[in-house]
Each structure stands twice: as C-alpha cells, then as structure tokens.
Amino acid sequence: MNVCDLLKYGDFQEALRFIRGNCGKSEVHKITKTSDVMKLARAVSNELDLSECKKILVDFWKFSVVDEKEIVFAMKSKREARLFVIGVLSERVDRDEVEEVLNVLKEIAPFVFDWETCDQLAAKVIVKILKVSKKVLQLFDVWISHPNVWTRRLPISTIPPASKFCQECIKYLIPYLEKVSDSKEKPLRRAYEWAKREVRKVKNL
C-alpha cells in the first residue's frame, strides 16, 4: 500500500511512517530531508485528485499539529506530514489548479505553528500562486490580523522568495510589511527584518 492509499484510508500514522521510510536523513541534524519529502510528494501527486482529496490533505496537516508544543523539537515533530502537503500543493499550482490550492490554504493557514512550515509554504506555494493570481492577497488580508502569529507571518515570509522569483509582486506585499512594523513578537519581528532587507535589494520600487 502506498502513501496515497494510506491517506485515503485515513491511516495517517502509517502514511507518516511511509514518508519517513522512503526519505533520507540529513547528516547533520539527523532529520528527514526536506528535499526528499518534496520529491516524494511531487512523484505521487498524480494519484491525488485535489478536488476530492482536499479534506484528506487538511486532516493530514491537522494530524501533524495535534500537539503543537512538540513542533519546536524537529525529531519529535510530524513535520514530514506538513512538508508532504506543501509538496503536493506546489505541484498542483504548477498544474494550474490554483483555486483548489487556495481552498486548501484557507483551511491550513490557521494551523501553522513553526518557522519551517511557514517559510516553506510561502516559498514553495504562495509565491507561485502570487505570480499567476492576486486572489491570494484576499487571504493575506485575513491572515495579517489573525490571532496566530505564524499565520500573520505568512504574508511577510512571502516577501523574501518573491524578491527572487516575482519582483513585480513586491509592490503588493509592502502594505503587509508596514502593518507589522511595530510588532514585538519574535517570529514576526524576525520575518519583518528579513523581508525588509530583501525589499531594499529590489530596484524600481
């Protein structure tokens, strides 16, 4: 049974075990390689009909954050589940299934609780959407005032990758940067400083 079958049957623990078992470990931190999880997600993405599997992906994501306190410890965290979902969504954006991906983003954004998930989601999925559709800005309008600091960080974390892959998008993101300029929350403050440095490098703003 492959990971898609396990997900469809709702056996999330076995799906997570499958992902871990089919991906390598980094030599330094001994955690599952992000690149391997993304590669696996892209390879099996054809077997998932996003319109039918939206709830499955959302539930798999929520399964991975049931105990959000463990997320700070990468070895204990079910981070591979979130990275897998990000990989699937990234592939589906490439296949012009933007509306379906936006629908999934609406559901999972409130359940982002760590820097890796936040920044990978921004770089691998959100920037891609922004390049082809401004509808994601409607989500940003909601996220930027969300009670969860990591959800608020998503629009800001989109700025650094946008400065490399979608410089024309930066002008749409500056207002969100300004809205968090006074924040003292560490996750948001770090993202703000990072984004601000990248914005300075972009010409013709």
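For the range 170-182, give me each residue that is in contact (Cβ under 8 Å) with a residue 12 or more places away in the chain and of a type outside the set (A, V, I, L, M, F, W, C). Give the steps one after another, and end with the answer.
So the first thing to find is which residues in the range 170-182 are in contact (Cβ under 8 Å) with a residue 12 or more places away in the chain, and the list is 170-174, 176-177, 179-180.
Those that are in contact (Cβ under 8 Å) with a residue 12 or more places away in the chain and of a type outside the set (A, V, I, L, M, F, W, C): K171, Y172, Y176, K179.
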What number goes with the only condition from (1) assigned to a helix (DSSP H, G or I); (2) of a type outside the set (V, I, T); (3) more than 19 Å from H29 (Cβ to Cβ) that K134 does not pass? (1)
Residue under question is V132, and the condition is that it be surrounded by fewer than 20 Cβ atoms within 10 Å (Cβ to Cβ), in contact (Cβ under 8 Å) with a residue 40 or more places away in the chain and aliphatic (A, V, I, L, M); does it hold? no
Checklist (1) under 21 Å from F84 (Cα atoms); (2) modelled with pLDDT of 95 or more applied to L137, failing item: (1)
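Residues are listed down the side, and each one gets a yes or a no for (1) within 28 Å of K134 (Cα to Cα); (2) charged (D, E, K, R):
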| residue | (1), (2) |
| --- | --- |
| W61 | yes, no |
| K78 | no, yes |
| R92 | yes, yes |
| F113 | yes, no |
For the range 83-113, enumerate the residues that are under 22 Å from V3 (Cβ atoms) and more than 13 Å from the chain's Cα centre (by Cα). R92, D94, R95, E97, E100, N103
Would it be correct to say that V149 is at pLDDT 95 or above, within 23 Å of V72 (Cβ to Cβ), over 11 Å from the mean Cα position of the chain (by Cα) and crowded, with 16+ Cβ neighbours inside 10 Å? yes
Read through the list (1) modelled with pLDDT of 95 or more; (2) farther than 27 Å from S183 by Cβ; (3) not hydroxyl-bearing (S, T, Y), then give the number of the only condition that V125 fails. (2)
Mind listing whichever residues of the range 6-21 are without any contact (Cβ under 8 Å) to a residue 60 or more places away in the chain, within 18 Å of K54 (Cβ to Cβ) and assigned to a helix (DSSP H, G or I)? L6, L7, K8
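The values are calculated or read from the model by the stated rules, or taken from the named source; none is laboratory data. The structure displayed is predicted, hence computed values, not measured ones. We place every Cβ from the backbone using ideal geometry, glycine too, and count neighbours over all the protein chains shown.
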